[in-house]
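I have placed the structure first, in the form of C-alpha cells, so that the comments after it can refer back to it.
Please treat every number below as a calculation from the coordinates, not as lab data. These figures come from a predicted structure and were not determined experimentally. Counting neighbours? That spans all protein chains shown, and the Cβs are built from the backbone with ideal geometry, glycine included.
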Amino acid sequence: MLVLILSLFVAAGTEVTVVRELHSEVLCPSGRSVKVVHHYGDLRISGSASEKAKMDAIIRVTGRDKRSATELADKIDIGIVTRDETLFVVTSYPRHIQPCPVLSYEVDVRLVVPEGASLVAHNAFGGLMVSGVKGGCRLANRFGDVGLDRCQNCDVVSRYGDVWVWANTGFLLVDNRFGNVFLDEVTDRVRVENRYGNVKGTGLDGIVHLDNRFGDVRTRHSRGSLTVANHYGDISAWVEDSALTDLDVMSELGRVELNLARMVPYQLGGRTVQGLIRSTLPLQVDEQGCRVHGFSGHGGARVHLSGTWTDFFIQSEPIENADGNERR
Amino acid sequence: MKQCYSDEILSAYLDHDLEPEQIEEIGRHIEECSGCRSALEQITAIRDAASSLEQLEPCEKTWFEIQRRVRKGRLKRIWVWSGVGAAAAVVLVVFLVRGRPVQVPETTPAPGRRQVEAGLVQEYDDYMRGIDKAVEECKTALSENPHNPRVQRAYLEARSSQINALDVFTSGGD
C-alpha cells in the first residue's frame, strides 16, 4: 500500500498543468445563426440582449514538463469566423498530438450570444449548458449532460448523459439514450424519447408526449394533455390539477401507479392484458381485474389507461409524499 | 486558399454529417490542401484502427442462459445506464410479471409473449450495440487525450456497463 501511495505521489509530482485563457468579442447582429463545435470540456452558452458575441475560454493542459504543456496550450485555438449569416465557433486541437509527454487537455468555453440567435451546438466529453436563447436551439452532445434553461424551440440529441430542461417554451424535442431526462415547468409542445434511463417531469403544460424504454417515468403537477408511454419500466402519474385535460398512459412490462387527487374531477377508463388492475377508489373493475372505468365530479381530465404485461394501481393518495421540483 | 478545417469538421465531413454545400466546399478544399488531406487520412486511420479493436461478444454460455431464462418464463427488464456522474450502472432486473413466474405452458405460449421475448432480445442487442459504440468512441478519444479525466470516466463507465450487462445476463440477474 505504501509503495502504491508513494508511486502515486511521485507520479503526481511529475505533472505540470498549464492554464491559458482566450477572450474574444465580435459583432453578431440579431437573427444571425451561431454554430458551435466543441469537445473535451464544458460549453456554456447564454443569450443576452447585446448584439455582440463574447467568448471566454480556459485551456488546461497537463504534461510531464512545462515546455511541452505550454507548447500544446499555445496551439489550441478557438476559431470565431463569420461566413454568410452564420457565426462559427470551433475549438481546434493541433493534429499531431503525441500521447507523451502531454497527458491531457481540455477547454471550458463560455459564450454569450444574442438571445434571438438561432443556435446549433455540438459537444463531446463535456457538459453543454444553454440558457436564455430564444431563436431556437439544436443541440447534440455525447458523454456529458445537457442543460437548457429558459430557452425556446429546442431540439436536443444526447447520448451517454442526462438532459435537464427548465422553463422551455415553444417546442421541445429530446432524443436521449443512456441517461435520464428531467423536465421542469416546460410548456407548449414537448416530445421526449428516452432509452436506458428515467424520465421525470414536473409542471408540464401543453401537448406533452413522453416515450421511454428501460427506465421509469414519473410526472407531477401536469396540465394540458399528457401522454406517457413506457416499455420495461414503471410509471407514476398524478391527476392533481384541474387544468389537466387528457392523460393517456400506455405501459408494457411495468407497473403503473396512478394517483387521483381528491376534489379534482376525472373520467377514467382502461384495460390491461396479462396484468391486474387494482384500485382503492370506487371505480368499476371487472372480475378478471383487466378493465376499469369510473368518474368523479363533472368533466375533468379524460384518463385512459392501456397496458400489456402491466399491473395498474389506482389510488387517491400517493404512497409516498411528493418530492416537489427537483433540480440539480 | 481558404483556412484549413478542424479535425471535428473533417470528422463530420467523413460522416456526411454536414450540409451538402459544406461537404462540397470541404471536398474542393481537400483537393487543394495537402495538410487537410493528411489530417483526413489520419482520422480515417484512427477510425479503422478503432473498428478493428477487439469486440466483446457474448459467449455461447451467455446465449444459452438467455434462452434458458426466457423459456422458463422469466422476462427481464434490462439495465439502465445511470448517468449523473455515477459509476457505470448497468442494472439487470429479473422481471417477474405480477411478481411471480408466469404460469404459461411452454408448448402453448400466450399470444404476444413471443413478441415480448423477441422484443427483449432485440433490445438487448440494441443496448449492447450502443455500449460497444461508446467504448469505441472512448478508445478513439483516449488515443489522442489519454489522461483526460472525462474521457477516462466515460470509458470506464462504458466498459463496466459492457461487462456488467454480460455478467448479469449469464447469472440470470440472481
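A Förster distance of 41 Å, applied to the separation of the beta-carbon atoms of B:Asp132 and A:Gln284, puts the FRET efficiency at 0.25. Per residue of chain A, the DSSP helices (runs of n ≥ 4 H) give a summed -39500 (n - 2.57) that works out to -2000 deg cm²/dmol at 222 nm. Look at where the Cα atoms of the stretch B:132-150 and of the stretch A:50-70 average out, and the two centres are 21 Å apart. Remark: relative contact order (chain A) = 10 percent; criterion is Cα-Cα distance under 8 angstrom and separation of 6 or more residues. By how many degrees, between 0 and 90 and to the nearest 10, does the Cα long axis of helix A:2-13 differ from the longest principal axis of chain A? Long axis of A:2-13 versus the principal axis of chain A: about 60 degrees. Overall size of chain A from C-alpha positions, given as principal axis extents largest first: 79, 60, 28 Å. Rounded, prolate or oblate: which fits the stretch A:196-299, taking a ≥ b ≥ c as square roots of the Cα gyration tensor eigenvalues, rounded meaning a/c under 1.5, else prolate when a/b beats b/c? Oblate. When peptides B:12-24, A:120-132, B:32-44 are sorted by average Cβ neighbour count within 10 Å, with the highest value leading, the order is A:120-132, B:32-44, B:12-24.
Counted by neighbouring Cβ atoms within 10 Å, the residues A:Lys66, B:Lys139 run from fewest to most as A:Lys66, B:Lys139.
Counted over the stretch A:162-328, the DSSP beta bridges are approximately 10% antiparallel.
Estimated at 0.36 nm per residue, the fully extended path between A:Phe295 and A:Asp149 surpasses their Cα-Cα distance by 48.8 nm. For chain A, the share of DSSP beta bridges that are antiparallel, to the nearest 5, is 25%. The count of lysine pairs in chain A with alpha-carbon distances below 16 Å, taking only pairs 8 or more places apart or on different chains, stands at 5.
Under the definition of Cα pairs under 8 Å and six or more residues apart, what whole-number percent is the relative contact order of the stretch A:162-328?
This gives 16 percent for the stretch A:162-328.
As a length-normalised measure over Cα pairs under 8 Å and 6 or more apart, the relative contact order of the stretch A:145-199 settles at 32 percent.
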